[in-house]
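Structure first, then comments.
The values are calculated or read from the model by the stated rules, or taken from the named source; none is laboratory data. Since this is a predicted model, take the numbers as computed values, not measurements. Cβ sites come from the backbone with ideal geometry, for glycine too, and all protein chains shown count toward neighbours. Keep in mind that these areas ignore ligands, DNA and RNA; they rest on the heavy atoms of the full protein, side chains included. Shrake-Rupley method; radii C 1.70, N 1.55, O 1.52, S 1.80 Å.
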Amino acid sequence: LRPSEDELKAILQHAISGNHVFISAMSIGDNLLDTFRLKQQYNDMFEDSLTVNIYDPGSGDTARFQYPGMKLDGYFSGMDSAVTNILGRNEHGQPNFVKFSYQGGGSVFIHYAPLAFSNFFLLHKDNKKYYDLALSVIPDSVSMVMWDDYFRRHIDGQDLGNRAGFSKLKMFLQDEVLRWAFWLAILLFAIVYLFESKRKQRIVPQVPQLRNTSLDFVKTIGRLYYQRKDNKNLATKMVTQFLGQVRARYNLQTAHLSDEFIDKLAFKSGYSSTVVGDIIGDIKRIEEAQVVTDEELLAFNDKIDSFISNNKP
């Protein structure tokens with residue numbers, strides 16, 4: 001509620017004439033506060049649980065009401081105790097509901113926790129009693145109550161809905177808390193843009209495909225043995241490698257290369273017993289021979305290579 005000077009005079013004249021003005025707002029204009037010698041202070045709008053206390057004329061005590069939602073309230077941090085009558089306080093005992101009386105019988109009530117009149121608050125437990133107590137300050141002699149939405153659409157005497165060139169950002173910046181938050185956010189984005197715009201993305205290096213180095217190692221060792229003409233040693237190692245793959249791939253024991261072993265390997269590999277028996281026969285001859293010729297070595301290599309490459313698990 002931010003009235004212009006003319007609007008403020010109209011409000012005061014209405015009260016001076018013997019009427020009662022009840023104001024409940026989250027943000028109140030400085031000219032109205034200065035008129036009643038008040039200073040306002042906002043609570044943290046993101047705090048939880050709104051708590052309000054109000055005087056109960058029936059019991060002569062203070063009644064306390066709570067709601068587990070956002071606070072969005074404030075309090076009066078300064079006032080003239082000679083003309084101010086405190087009717088309600090927040091959970092910290094700070095005044096948030098005050099009354100000013102005029103000699104003509106009129107009065108002005110200023111309430112600083114408007115969410116206490118929302119459905120969310122009033123429908124929680126027995127909070128409706130807060131509404132009853134807050135409005136019970138209006139005298140019984142009042143015969144007509146006027147609900148006025150004027151200041152929801154006007155600020156500083158200007159119509160927010162029809163005024164040409166009205167900026168919603170201006171409404172946002174008129175609140176001190178929101179104004180600070182807005183400019184801090186703008187400053188943060190400017191800093192981020194300033195630093196990020198100077199960064200250059202480095203070229204992602206191309207990672208070469210990994211090679212099978214173990215296979216290269218085997219080929220190198222094989223060529224070494226072959227060049228040294230150590231065919232017997234090389235053939236023995238080929239036999240060891242072949243039998244190791246048979247154990248791993250077909251789950252067969254290779255300690256005894258019997259006819260039963262040949263039949264099992266032929267069954268599991270899909271080769272005939274003749275092909276398998278030929279390879280096993282070469283293995284036995286290599287183990288018993290003192291010398292292995294180049295032709296025998298190459299022939300044995302072709303047989304086991306053909307067997308392994310055509311029988312994948």
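Take the conditions (1) of a type in the set (G, A, S); (2) open to solvent by 10 Å² or more (accessible area, probe 1.4 Å); (3) closer than 15 Å to I23 by Cβ; G93 misses just one of them, which is (3).
Restricting the search to strands (runs of 3 or more DSSP E) fully inside segment 28-126 and requiring at least 1 residues that are under 19 Å from I138 (Cβ atoms) and in contact with a Gly (Cβ under 9 Å, 6 or more places away or on another chain) gives 48-56, 95-101, 107-111. One residue stands out among those in segment 113-145 that are of a type in the set (F, W, Y) and closer than 15 Å to Y55 by Cα: the one that is least open to solvent (accessible area, probe 1.4 Å), which is Y130. Can you find even one residue in segment 74-84 that is surrounded by 14 or more Cβ atoms within 10 Å (Cβ to Cβ), touching a Lys or Arg at 6+ places or on another chain (Cβ under 9 Å) and in contact (Cβ under 8 Å) with a residue 60 or more places away in the chain? The answer is no; no qualifying residue exists.
Looking only at segment 299-308, decide whether some residue is more than 18 Å from Q241 (Cβ to Cβ) and not β-branched (V, I, T).
No, the conditions are met nowhere in segment 299-308.
Results for (1) closer than 15 Å to Y112 by Cβ; (2) modelled with pLDDT of 90 or more; (3) open to solvent by 50 Å² or more (accessible area, probe 1.4 Å); (4) in contact with a strand residue (DSSP E or B) (Cβ under 7 Å, 6 or more places away or on another chain), shown as yes or no for each residue.
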position: P3; (1), (2), (3), (4): no, no, no, no
position: K9; (1), (2), (3), (4): no, yes, yes, no
position: I16; (1), (2), (3), (4): no, yes, yes, no
position: H20; (1), (2), (3), (4): no, yes, yes, yes
position: I23; (1), (2), (3), (4): yes, yes, no, yes
position: Y42; (1), (2), (3), (4): yes, no, no, yes
position: D48; (1), (2), (3), (4): no, no, yes, yes
position: D56; (1), (2), (3), (4): no, no, no, yes
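Considering only segment 226-253, state which residues are under 23 Å from L298 (Cα atoms) and in a loop (DSSP other than H, G, I, E, B).
R228, K229, D230
Does V98 meet the test of being among the β-branched types (V, I, T), at pLDDT 85 or above, open to solvent by less than 60 Å² (accessible area, probe 1.4 Å) and over 22 Å from D34 (Cβ atoms)? In short, no.
Note on segment 260-272: residues that are assigned to a helix (DSSP H, G or I) and either surrounded by 10 or more Cβ atoms within 10 Å (Cβ to Cβ) or under 60 Å from the mean Cα position of the chain (by Cα) (or both) total 9. Restricting attention to segment 62-73, the residues being over 12 Å from V52 (Cβ atoms) and open to solvent by 80 Å² or more (accessible area, probe 1.4 Å) number 2.
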